[in-house]
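Heads up, the thing below is written out as structure tokens.
The values are calculated or read from the model by the stated rules, or taken from the named source; none is laboratory data. Everything quoted here is computed from the prediction, not taken from an experiment. Backbone-built Cβ (ideal geometry, glycine too); neighbour counts: all protein chains shown. These accessible areas exclude ligands, DNA and RNA; they are computed on the full protein's heavy atoms, side chains included. Shrake-Rupley method; radii C 1.70, N 1.55, O 1.52, S 1.80 Å.
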Amino acid sequence: MLTEEQKKANEQYFRKVLSLVAGNGVYAYPHISENYTVKNGVFYGTKRGVREMRKITPNDFHSMVQVKGKDND
């Protein structure tokens with residue numbers, strides 16, 4: 001289990017990734033074998049990928065990680 005400080009550090013990292021990945025770009029998270037599409041400042045991934053990223057980030061970041069669907073694919 002991560003501490004809140006560790007989760008905040010992960011949030012900072014993922015916010016930096018969001019600022020660097022172009023719209024409709026892809027972020028690969030090899031450690032968990034997941035890929036996320038970045039669109040309008042949000043990570044879109046599989047249900048598993050979203051669950052895994054949310055485990056390591058604070059609750060206030062969770063709106064930035066969504067399940068990919070037909071409306072945002």
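Measuring nothing but protein heavy atoms, the accessible surface of the chain at 1.4 Å probe radius is 50 percent carbon and sulfur. By the rule of a C-alpha distance below 27 Å, with chain neighbours fewer than 8 residues away ignored, the lysines paired with Lys70 are Lys16, Lys39, Lys47, Lys55.
Nearest 20 debye, what's the magnitude of the dipole of the chain about its Cα centre given +1 on Lys and Arg Cβ and -1 on Asp and Glu Cβ? Don't jump to the answer; show the numbers that get you there.
Working: 12 positive and 8 negative charges, 28 e Å.
The dipole of the chain has a size of about 140 debye.
Report the antiparallel proportion of the DSSP beta bridges in the chain as a percent, rounded to a multiple of 5.
On the way: 8 of 11 bridges.
Percent antiparallel among DSSP bridges in the chain is about 75.
Projecting the Cα atoms of Gln12, Met1, Val65 onto the dipole axis of the chain, where Lys and Arg carry +1 and Asp and Glu carry -1 at the beta carbon, places Val65 farthest toward the positive end.
Can you give me the distance in nm between label points at Asn24 and Lys70, each placed 7 Å from the Cα along the Cα-to-Cβ direction? Placing both labels 7 Å beyond Cα along the Cβ direction yields 2.0 nm.
Extent along the principal axes, Cα only, for segment 1-43: 31, 21, 12 Å, with the longest axis given first.
Using 0.36 nm per residue and subtracting the Cα-Cα separation, the extra length available between Ile32 and Arg51 on full extension is 5.7 nm. Taking amide H atoms as placed 1.01 Å from N in the peptide plane, the amide H of Lys39 lies under 5 Å from those of Asn24, Tyr44, each 5 or more residues away in sequence or on another chain.
Annotation for Tyr13 and Val42: the two label points, set 7 Å from Cα along the Cα-Cβ direction, are 2.4 nm apart.
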